[in-house]
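I have placed the structure first, in the form of structure tokens, so that the comments after it can refer back to it.
The values are calculated or read from the model by the stated rules, or taken from the named source; none is laboratory data. These figures come from a predicted structure and were not determined experimentally. In this analysis, Cβ positions are derived from the backbone assuming ideal geometry, glycine residues included, and neighbour counts consider all displayed protein chains.
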Amino acid sequence: MSYDPRAKGQDPFHPSPRTPGPLGHNDAAYPFCLSELLGDTPGPLGVNDHAARLAVAAPAAKLTGVEKAFRRCQQLDWIPFFEEASLAFPFAPELLMAIGYRESNLNPKYLKVAGDNGHGYGLMQIDIRSYPAWVKAGHWKDARACILKGAEVLASKQEEITSSIGKDISVRTLAGHTYHFHGKPISGPDLLRVTVAAYNCGMWAYYHYCKGHDADQGTTGQDYSRDVLANTLRFKALLEVPETYPAPDLDLSHYA
């Protein structure tokens, strides 16, 4: 049976209104409107809003891993520690946050348990083989101490690289094989990237740079510095507009 607007007293020669009704253009407020015409211009809730019977609400956007980590830092009051470390060492807080995110996902459980098969400790995964006294003293259980130590380690990697420029140096594999190379000049973005890679693989990052290889070649996943520097930009954006990502009452019990 076809629809006949005259059955409801509608003039068949008078078209449906083409201006917005209370809920939108050709909306449900107009009693003779065909369903397929509903909601084709903005109503108070937007295009195809609740005036259109077939409208579907857009799903809520999911937080990225970086956003979740940033919210944890807000909730746990860690951001001032990254800012303090940035004042003590020549690295931006967002870079230090990105390293912490890569190392431990900025997960507070690493203030209680070791990572990296028992070698990495704390939020910045300080290696017990390189810093046994610091780890054994239990400093890794404190978030502030972890972040400051991570910045210190990063600074020491940069210093080791810059002090090797123009020198003949060597690196050694776990199997005991030694590789010699000459330290090339390095500065600016290259120095930053090699320094970040060195946080993961030590002087192998500088070795690969000097040999014309990718500095990440010796890092975990062969993407350490690229990943950290990409996330640095994401953390920087969050730090610049923190009100966009307020710290709600997060349930952190599953990190206990």
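Please find, among ALA145, ALA230, ALA198, ALA151, the residue that is among the hydrophobic types (A, V, I, L, M, F, W, C), part of a helix (DSSP H, G or I) and loosely packed, with under 13 Cβ neighbours inside 10 Å.
Sole residue among the options that is among the hydrophobic types (A, V, I, L, M, F, W, C), part of a helix (DSSP H, G or I) and loosely packed, with under 13 Cβ neighbours inside 10 Å: ALA230.
Can you tell me how many residues in the stretch 92-129 are among the polar types (S, T, N, Q) and modelled with pLDDT under 95?
First, the residues of the stretch 92-129 that are among the polar types (S, T, N, Q): 104-105, 107, 117, 125.
Within this subset, residues satisfying the condition of being modelled with pLDDT under 95 are 117.
Result for the stretch 92-129: 1.
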Filter the stretch 88-126 for residues that are over 19 Å from ASP227 (Cβ atoms), surrounded by fewer than 24 Cβ atoms within 10 Å (Cβ to Cβ) and not aliphatic (A, V, I, L, M) and give the result.
PHE89, PRO90, PRO108, LYS109, LYS112, ASN117, GLY118, HIS119
Taking first residues from the stretch 163-178 that are of a type in the set (Asp, Glu) and second residues anywhere that are in a strand (DSSP E or B), the pairs with Cβ under 6 Å that are 6 or more apart or on different chains are ASP168/HIS182
Take ARG172 and tell me if it is over 29 Å from LEU233 (Cα atoms) and in contact with a Phe, Trp or Tyr (Cβ under 8 Å, 6 or more places away or on another chain).
yes
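Of everything in the stretch 59-73, what is over 14 Å from TYR101 (Cα atoms) and either at pLDDT 95 or above or part of a helix (DSSP H, G or I) (or both)? Give them in sequence order.
Just the residues of the stretch 59-73 that are over 14 Å from TYR101 (Cα atoms), to begin with: 59-63.
Matches in the stretch 59-73: none.
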